[in-house]
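For reference, the structure discussed in these notes is given below.
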Amino acid sequence: MGVAKAWRYTGGVLVLAKNHHHHHNHKSNNLKQKNQQHLLSRHHHCLLWQPLDTEAAVGGQRRRISWTVVCGVLLFVLGLISFFTGHVASDLEWYSHRLVKRRLWTHKVVRFSPGPVDIWKSKFSKFYYGCSERSPYYAPPARQMLSNGYLLIAASGGLNQQRTGITDAVVVARILNATLVIPELDHHSYWKDDSDFANIFDVDWFISFLANDVPVVTRVPDKYMRSLEKPPYTMRVPRKSEPRFYLDEVLPILLRRRVLQLTKFDYRLSSDLDEELQRLRCRVNYHALRFTKPIQNLGQKIVMEMRKMATRFIAIHLRFEPDMLAFSGCYYGGGDKERFELGEIRKRWVTLPETSPDGERKRGKCPLTPHEVGLMLRALGFENNTYLYVASGEIYGGDETLKPLRELFPNFYTKEMLASEELQPFLPYSSQLAAIDYIVCDESDVFVTNNNGNMAKILAGRRRYMGHKRTIRPNAKKLNALFFKREKIPWETFAKKVKAAQQGFLGEPDEMKTGRGEFHEYPSTCICKKPFKFSDLDSNYNANQTLTKSSFNPEAETEYGRNEEDQGVQIIVDGGGVVEEKGDVNFLSD
């Protein structure tokens with residue numbers, strides 16, 4: 001009889017079985033087991049895992065497996081092993097890279113994790129810097145004689161409202177390819193300040209710094225004015241107009257008349273512009289607009305006086321003057337006397353709508369009282385011996401209103417207390433006094449705003465640009481609810497809730513979001529992160545290199561007005577006076 005060969009399972013081993021087609025006895029079985037051991041040593045057999053049950057009781061014989069099935073199973077198993085081991089290794093490598101990068105990024109750069117907050121300085125500010133450089137593709141300005149004409153601007157409002165108008169006037173001149181005449185300031189606002197541009201800002205510096213952006217002159221040349229057939233055309237553009245509006249509606253008039261005046265110019269340009277124009281805004285606002293030497297000197301003198309007494313101090317813009325309270329329509333519990341006095345002041349703005357004082361306060365639209373500002377600061381962790389500089393005009397209610405704040409912070413100072421004699425020449429000019437306060441607030445370690453007015457926005461934006469210096473804006477909506485319940489809750493609970501309410505209102509870098517609020521308050525286009533490249537992790541990551549500043553040194557601009565000399569501009573001055581003021585402008589029109 002022939003011998004048939006077949007592979008079969010035997011206790012977890014594939015063996016070659018010989019079948020002689022006759023009945024096996026006990027002796028033959030012993031011989032069979034010996035043959036199996038002999039075959040295992042001679043053939044390449046594969047040890048497998050122990051099968052659950054490979055016996056098939058069919059006719060009393062074991063199930064046989066063909067050679068083709070065995071080869072297929074082996075190839076399939078090898079394929080699975082190769083597939084999974086390859087992908088597991090690849091996944092492990094990918095996740096390990098992600099983990100290393102994330103841990104290095106968290107440890108070296110971001111670290112925005114909850115925990116104790118340094119109330120004097122943001123620990124994340126060192127990872128950002130102000131950047132307003134021109135790009136390599138920035139077109140040079142047109143020469144004065146080749147521009148599309150002369151643009152006259154009548155800024156409106158107080159100092160900081162005018163500052164926004166001056167900043168946007170430069171950008172509009174760039175859009176129109178026009179020559180900008182030094183802007184006129186508002187002489188008819190609530191403060192009745194007769195100061196001209198040259199009384200507040202350094203004209204020569206303004207012209208020279210912007211020489212690579214727009215041509216600027218102090219006045220339209222006389223011979224050019226005499227050649228005009230008609231007087232300058234005057235118009236007012238809508239609020240927050242897009243550049244396209246200026247090109248479509250304003251430029252044709254400028255080309256036709258050659259001299260054009262835009263009146264009541266404040267917030268007349270869109271907050272959302274392309275990057276080059278936004279950076280031009282920053283160059284104007286944070287570099288070109290430099291105060292005159294007398295204002296700078298007195299402002300720095302006050303800062304030095306504060307530094308002599310304390311290594312660090314807080315500046316508070318209380319904004320609790322009668323005009324501000326009347327304009328806001330808020331009520332602070334002064335009875336009929338307060339309602340009458342503020343109501344009479346409010347009549348100056350005939351277009352203001354009727355409001356609910358209690359409703360406005362609940363909505364967070366009212367300034368905090370000086371006492372409430374003090375409570376907020378103490379709850380945040382500022383101690384009783386902290387030095388305060390208070391930037392404010394006439395406080396409604398006088399010393400009686402300020403008394404609770406003085407009790408919370410006895411080290412209380414104003415410009416009148418620190419420079420009484422030197423301040424005398426500036427007293428008739430509210431804008432020049434505001435400029436002195438501006439300098440001290442900008443140089444302070446912590447700046448506290450008490451409303452979201454023009455000075456608060458301008459200074460908040462500048463302090464972000466200059467290194468995210470701590471700037472605290474009260475979350476009035478939440479704080480007012482807490483002040484209402486102040487007497488009913490323990491101080492520890494009150495302080496905890498104040499800290500929670502102020503999250504996101506302390507001037508941290510992560511509060512900066514593109515498109516949030518006015519550009520003057522959130523100049524996101526002009527705030528850059530210091531370079532950090534994940535690719536550096538693959539080859540000898542060097543933490544010192546990734547945290548090195550590229551081309552800007554924020555520490556170089558710790559003093560007011562410094563670093564502008566590094567811009568490399570040329571002096572181009574067109575002599576003459578300032579254009580006379582025209583147009584009607586109202587206070588707080590925004």
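Would you work out the Kirkwood radius for the range 281-348? I mean one over the mean of 1/r across all pairs of different Cα atoms, in Å.
With all distinct Cα pairs of the range 281-348 included, I get 15.8 Å.
How do the peptides 176-187, 271-282 rank, highest first, by the average count of neighbouring beta carbon atoms within 10 Å per residue?
Highest to lowest by the protection proxy: 176-187, 271-282.
Roll a 1.4 Å probe over the protein chains and send me the accessible area per residue for the range 189-284 in Å².
45 Å²
What are the radius of gyration and Dmax of the range 145-277, computed over its Cα atoms and given in Å?
Over the range 145-277's Cα set, Rg and Dmax evaluate to 14.2, 40 Å.
Rg to Rh ratio, the range 463-518, alpha-carbon atoms and Kirkwood radius?
1.08
Rounded, prolate or oblate: which fits the range 377-474, taking a ≥ b ≥ c as square roots of the Cα gyration tensor eigenvalues, rounded meaning a/c under 1.5, else prolate when a/b beats b/c?
Cα axes put the range 377-474 in the oblate bin.
Which value, to two decimals, describes the C-alpha radius of gyration of the range 433-474 once divided by 2.2 N^0.38 Å?
Computed over Cα atoms of the range 433-474, the ratio equals 1.02.
Going out from 0 in 10 Å bins, what whole percent of all Cα-Cα distances in the range 138-178 drops into each bin?
29, 45, 22, 4
Please list the three semi-axes, largest first and in whole Å, of the ellipsoid equivalent to the range 215-340, using sqrt of 5 times the eigenvalues of its alpha carbon gyration tensor.
40, 25, 18
The values are calculated or read from the model by the stated rules, or taken from the named source; none is laboratory data. What you see is a predicted model, and the numbers here were worked out from it, not measured in a lab. Don't worry about glycine lacking a Cβ; one is built from the backbone with ideal geometry, like all the others, and counts go over all protein chains shown. Ligands, DNA and RNA are excluded from the accessible area calculation, which covers all protein heavy atoms including side chains. Shrake-Rupley method; radii C 1.70, N 1.55, O 1.52, S 1.80 Å.
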